[in-house]
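What follows is a set of notes on a single structure, which appears directly below.
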């Protein structure tokens, strides 16, 4: 131990400075050797050092193991079962789709064809529309021969021709497969409507020409009138054939019978 000369603090022998005021440790005076005596050098007091604490070195971590895959056994029987069910359900669906896409086949024809009574009703409605067109044309012909309302009559003939065109398109689209002589019935009606449409176009030209020139009552026969009359006569012949086929069908289904002048 040694005592600090500045603050009187007791310090351990190993310290070289005061632990309170940090004053340096005083040097111990060496005693003078006796005269004529040679002595060794005064040994210095070694300063002890505290050993450094051991360092903590962590132990190495083990490498992670890869995950283990668990293999599930495949069940072949289950897959075969689902495949069988898919085939069992899919085949009828495909057959139904093909039947819809092919109306001409036996399944498609039975699914899309209307009942014969409905087919007859659709045809009767078409004839009633045609009858209204014929009535307007007949009145316009009488007025034109009398030189009355010539331009209005020409418009009536033109409208009648357009109506005949639309009626022909409807007749061509009708299904008469369930009616007796359905194909012949449709063909006869189409020919009649073709002749009527050409007659109406010729009548329109006739009335327009009279309206733009001189019209004298009793002298209205022109080339256009002759062509119209010729087509009208041909149409009448086909209409007579049509009603001969239609009226027995109308009796069977309780529908109206027609005269050739109604078509």
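The values are calculated or read from the model by the stated rules, or taken from the named source; none is laboratory data. Predicted model only: the values in this text are computed from it and were never measured. Positions of Cβ are generated from backbone atoms using ideal geometry, with glycine treated the same way; all protein chains shown enter the neighbour counts.
The listed residues are 144, 233, and the only one of them that is in contact (Cβ under 8 Å) with a residue 24 or more places away in the chain and in a helix (DSSP H, G or I) turns out to be 144. Checking 169, 122 one by one, the residue that is assigned to a helix (DSSP H, G or I), surrounded by 14 or more Cβ atoms within 10 Å (Cβ to Cβ) and modelled with pLDDT of 90 or more is 122 and no other. Every test in (1) touching a helix residue (DSSP H, G or I) at 6+ places or on another chain (Cβ under 7 Å); (2) buried (at least 17 other Cβ atoms within 10 Å of the Cβ); (3) in contact (Cβ under 8 Å) with a residue 24 or more places away in the chain is passed by residue 211 save one, and that test is (2).
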